[in-house]
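Beneath this line is the structure, given in structure tokens, with notes to follow.
The numbers here are math on the coordinates, done by the rules we state, and not lab data. Since we're looking at a predicted model, the values are computed, not measured. All Cβ positions, even for glycine, are placed from backbone atoms using ideal geometry, and neighbour counts span all protein chains on display.
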Amino acid sequence: MVFGRGDAHARVVFVGEQPGDIEDQKGLPFVGPAGHLLRRAVDEAGIDPAHIYITNAVKHFRFEMRGKRRLHKTPDRVHIEACRPWLVGEFALLHPEVVVPLGATAAKALLGPTFRVTQQRGRVLQWPATAQRPEDFPVEPAKLVATIHPSAVLRADDRDIAFDSLVADLRVVARVLR
Ligand code: URA
């Protein structure tokens with residue numbers, strides 16, 4: 001299991017998909033290439049890294065063996081549901097001003113299966129009013145801004161454009177925090 005990490009009084013909570021191979025080995029979220037890219041984007045958007053908490057919708061690394069390599073496998077709905085009590089438990093302790101789901105798995109875990117990151121990214125939504133089950137998140141009204149997963153930037157044909165679009169979404173978060 002890889003749990004969340006960061007400031008208990010975080011102003012921004014980032015929710016990723018699931019730990020990757022490196023995260024699974026280290027027991028910490030977002031410490032591999034996607035994490036480095038996320039931190040660079042946070043910095044460029046002007047969000048104070050001291051005020052963030054980072055977690056994942058699914059707390060374990062799902063993979064298939066290919067030779068000696070462990071290849072990432074996207075979690076299914078059953079994995080998201082199985083890990084939901086952890087996510088709900090984390091939100092019971094955190095009081096963020098902005099929640100940022102990174103990519104489709106996190107967005108679906110928080111907002112339900114019909115949410116489309118590609119269509120709704122970078123928009124300021126109400127949290128937990130827009131949650132799939134708002135009663136699971138009895139928190140002060142806050143905002144939610146969905147964006148793409150940093151791994152999608154790493155996989156993009158044009159990484160610079162994809163990175164800039166991630167930073168643009170995170171600048172929306174920075175503006176909400178002002
Ligand atoms: N990708 C994620 O979604 N989470 C991590 O912790 C690492 C990579």
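What to note about this one:
- Charge sum, other residues only, whose C-beta stays under 10 Å from GLY4's C-beta, Lys/Arg counted +1 and Asp/Glu -1: +1
- Summing Lys and Arg as +1 and Asp and Glu as -1 over all other residues whose Cβ lies under 10 Å from the Cβ of TRP127 gives a net charge of -1.
- Per-peptide average of other Cβ atoms within 10 Å, ordering 104-113, 117-126 highest first: 104-113, 117-126
- Taking other C-beta atoms within 10 Å as the exposure proxy, LYS73, LYS143 rank LYS73, LYS143 from fewest upward.
- In the stretch 74-143, the convex hull through the Cα atoms has an average projected area of 4.5 nm², a quarter of its surface area.
- Taking the charge dipole of the chain about its Cα centre, with +1 at Lys and Arg Cβ atoms and -1 at Asp and Glu Cβ atoms, the residue from VAL100, ALA131, LEU154 reaching farthest to the positive side is LEU154.
- Summing charges over all other residues whose Cβ lies under 13 Å from the Cβ of ARG66, with Lys and Arg as +1 and Asp and Glu as -1, gives +2.
- The chain - convex hull of the alpha-carbon atoms, volume per residue in Å³: 110 Å³
- Taking GLU81, GLU17 and counting other C-beta atoms within 10 Å, the order from fewest to most: GLU81, GLU17
- Check: the chain dipole with +1 on Lys, Arg Cβ and -1 on Asp, Glu Cβ, in debye: 360 debye
- Ranking of GLU23, GLU90 by count of other Cβ atoms within 10 Å, fewest first: GLU90, GLU23
- The relative contact order of the stretch 5-177 comes to 26 percent, based on Cα pairs under 8 Å that sit 6 or more residues apart.
- Interchain or long-range residues, amide H under 5 Å from GLU17's placed H: ALA57
- Fraction of beta bridges assigned by DSSP in the chain that are antiparallel (%, nearest 5): 45 percent
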